[in-house]
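**Q** Sharing a structure here in structure tokens format.
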Amino acid sequence: MYWRGPAGNNISGGIMRLTKQRILASGLIPVLALALLACGGGEDAPFRIGVMESLTGPGETYGTVASQGKQMAADEINAAGGINGRTLELIVEDSRCSAEDAVPLTTS
């Protein structure tokens, strides 16, 4: 799969996908973490963020890369001191690319 860049150049889809996922994760995790600041909680407790991706099944390739991108963003934020001194902890669940498997995970 190729993505046609602005100048019409073909760029490998895998490279662009990783970049897109990293950008998405880098933007999404801080927004979610900042939203959690309003929730209060223990001052030393980490922010726990649920991540549901297809780590097995037909969507394994996408889900694995997306999960890794989100974990890299969380690691970068934690390495920089977290958010107001609190770290991010990702709780990763496998939806298996199936709605039947994903629905119960939303309540766990």
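**Q** If a residue must be in contact (Cβ under 8 Å) with a residue 40 or more places away in the chain and closer than 25 Å to residue 43 by Cα, how many such residues does segment 86-108 contain?
**A** 7
**Q** Would it be correct to say that residue 74 is surrounded by fewer than 16 Cβ atoms within 10 Å (Cβ to Cβ), closer than 22 Å to residue 44 by Cβ, out of contact with any Cys (no Cβ under 6 Å at 6 or more places or on another chain) and among the hydrophobic types (A, V, I, L, M, F, W, C)?
**A** Working: surrounded by fewer than 16 Cβ atoms within 10 Å (Cβ to Cβ): no; closer than 22 Å to residue 44 by Cβ: yes; out of contact with any Cys (no Cβ under 6 Å at 6 or more places or on another chain): yes; among the hydrophobic types (A, V, I, L, M, F, W, C): yes.
Criteria not met by residue 74.
**Q** Take segment 53-67 and flag every residue that is part of a helix (DSSP H, G or I) and surrounded by 14 or more Cβ atoms within 10 Å (Cβ to Cβ).
**A** Residues satisfying the conditions are 60, 62, 63, 64, 65, 66, 67.
**Q** Restricted to segment 88-108, and to residues that are in a loop (DSSP other than H, G, I, E, B) and buried (at least 18 other Cβ atoms within 10 Å of the Cβ), which residue is nearest to the chain's Cα centre (by Cα)?
**A** It comes out as 95.
**Q** Residue check: is residue 48 at pLDDT 90 or above and touching a strand residue (DSSP E or B) at 6+ places or on another chain (Cβ under 7 Å)? Quick ask: steps written out before the conclusion?
**A** On the way: at pLDDT 90 or above: yes; touching a strand residue (DSSP E or B) at 6+ places or on another chain (Cβ under 7 Å): yes.
Yes.
**Q** A further question follows. With (1) modelled with pLDDT of 95 or more; (2) hydrophobic (A, V, I, L, M, F, W, C); (3) not in a helix (DSSP H, G or I) as the list, and residue 72 as the residue in question, which single condition is left unmet?
**A** Single failed check for residue 72: (3).
The values are calculated or read from the model by the stated rules, or taken from the named source; none is laboratory data. Everything numeric in this text was worked out from a predicted model, so none of it was measured. Reconstructed Cβ throughout: ideal geometry from the backbone, glycine too, with neighbour counts over all protein chains shown.
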